[in-house]
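Remarks on the structure that follows.
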Amino acid sequence: MSKRILVTGVTGSGKSTLEKIFNQKGYETSDIDKGFAEWRNKETGEVEPHPESADRLAAAFWALRADELKERLSSIDGQPILIFGSTNDLDDYTNLFNTIFLLEYPDAETLRARLASRPEGDYGKVPHERDSALAYHQDYQNKMKELGAIAIDCMLPLEQIVSIIEAEVKDE
């Protein structure tokens, strides 16, 4: 079985940027946000559109499309694969990975500043998404560390983060 590495973190921590870098370096990569997750209603489990208000966001969760992810993971044989992203239920699927890296915010103010600097249209830019991220980020980070994630300060220089992750990818 191929080495399976998950790089996770809350919104704005650098997951998509890192996915692009590792893909350009020739690694097998996938971004959870692109085909492996969907918004679902917390009560019914039904698929929903992107929540456009605080009330809709409170009633929804970002859910992993686990079957699609498992299929993607099983399609790679012999070479490492890096999956980048997060969902509200990702902790139920960490057993799919050999190594988990958590891009960790040092504090809420750093997260707030990073979200404020995101381009329009990126998740976390509008107030109800930002407030949601600020409310759950510490619990998410703690949960991932409890599950064995290796924490990396997401504010480190990008080259340093790449080097840390790449060392694990190349470690046989």
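Using the Kyte-Doolittle scale, which helices in the chain average at least 0.5 and also have C-alpha atoms spread 27 Å or more along the helix axis, with helices defined as whole DSSP H runs?
Correct list, ordered by number: empty.
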Notebook entry, point to check: In the chain, what is the volume of the convex hull around the alpha carbon atoms, normalised per residue and reported in Å³?
Noted result: 114 Å³
Note to self: Restricting to bridges with both residues inside the chain, how much of the DSSP beta-bridge set is antiparallel, in percent to the nearest 5?
What the structure shows: 25 percent
Notebook entry, point to check: Size of the dipole of the chain about the Cα centre, Lys and Arg at +1 and Asp and Glu at -1 on the beta carbon, nothing else charged, in debye to 20?
Noted result: 260 debye
Notebook entry, point to check: What residue among VAL47, TYR136, GLY9 has its Cα farthest toward the positive end of the dipole of the chain, where the charges are +1 on Lys, Arg and -1 on Asp, Glu, each on the Cβ?
Noted result: GLY9
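No value in this document is a laboratory result; all are computed from the given coordinates. The model shown is predicted, which means the values in this text are computed figures rather than measured ones. Don't worry about glycine lacking a Cβ; one is built from the backbone with ideal geometry, like all the others, and counts go over all protein chains shown.
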